[in-house]
Structure formats: structure tokens, C-alpha cells
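Asker: Below is one structure. I have some questions about it.
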Amino acid sequence: GRSCRSDVCDDKDKQTCYKHGSKPTCVCDKGYEFDAATKKCIDIDECKDKRCPALANCTNTVGSFQCDCPRGQKHSDKDCVVDTGCAREGYCRGDPN
């Protein structure tokens, strides 16, 4: 039978070959999905899935995505919150006023 060593995947830079029983199976890498029409792995637009916080700007990148909170805000868990400049909640250095 064929093995993963024989370059069986058509889209090598976006697929990983796994041995499945006696046959190799090509699976699209994270951030890509298989397109049956082209038989290639295409980039998933994660921004369409609304994976960023509601106020964040989502930018689709090759194989991934990036969330940017509005100016003056930062990521906190799965939301954008006002950036107070404090390292931890309730602990700040500098002017106490």
C-alpha cells in the first residue's frame, strides 16, 4: 500500500498526511478547509464565524485571524474592556489620583 512518505497529498503546504488503516489520508491543516471543486485546502475566513469580541475588528490572515480591540481598549477573556493601564485589577503604579 501507499504511505505518507510517497507525497500522496496534492496540497502539501496546507495538508498533513496521516496513516489511516492501510491507506494514507490527507487532512487540511488548522485554518483551512477542503474544497471539493478544486481539490485543494482553502483558507477559512474565521471573521465570518464572528470569533472576535463584538467591538473588536477582525482581520482574516492566511490560516488564522487577528482580533483588535478599539483604541483605548484591550482583550480580557472574550471581550474588549477599557484599558486602565493597570497590570492587575486594583493594582496600579504611579499617580493615585
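Asker: Identify all residues within the range 3-45 that are under 30 Å from Gly72 (Cα atoms) and in contact with a Ser or Thr (Cβ under 7 Å, 6 or more places away or on another chain); write none if there are none.
Answerer: Gly31 - this is the single residue of the range 3-45 that is under 30 Å from Gly72 (Cα atoms) and in contact with a Ser or Thr (Cβ under 7 Å, 6 or more places away or on another chain).
Asker: Something else now. How many residues, within the range 1-26, are among the β-branched types (Val, Ile, Thr) and surrounded by 15 or more Cβ atoms within 10 Å (Cβ to Cβ)?
Answerer: Of the residues in the range 1-26, 1 are among the β-branched types (Val, Ile, Thr) and surrounded by 15 or more Cβ atoms within 10 Å (Cβ to Cβ).
Asker: Next question. Tell me, which residue of the range 27-45 that is assigned to a strand (DSSP E or B) and either modelled with pLDDT under 90 or not acidic (Asp, Glu) (or both) is surrounded by the most Cβ atoms within 10 Å (Cβ to Cβ)?
Answerer: Cys41
Asker: Could you tell me whether the range 46-57 includes any residue that is among the small types (Gly, Ala, Ser), assigned to a loop (DSSP other than H, G, I, E, B) and at pLDDT 90 or above?
Answerer: yes
Asker: Are there any pairs, at least 6 apart or on different chains, whose C-beta atoms fall under 6 Å, with the first in the range 20-47 and at positive phi and the second part of a loop (DSSP other than H, G, I, E, B) and modelled with pLDDT of 90 or more, and if so, which?
Answerer: These pairs meet every condition: Gly31/Ile44; Gly31/Gly63.
The values are calculated or read from the model by the stated rules, or taken from the named source; none is laboratory data. Bear in mind that the values here come from a model prediction, so they are computed numbers and not experimental data. Cβ: placed from backbone, ideal geometry, glycine included. Neighbour counts: every protein chain shown.
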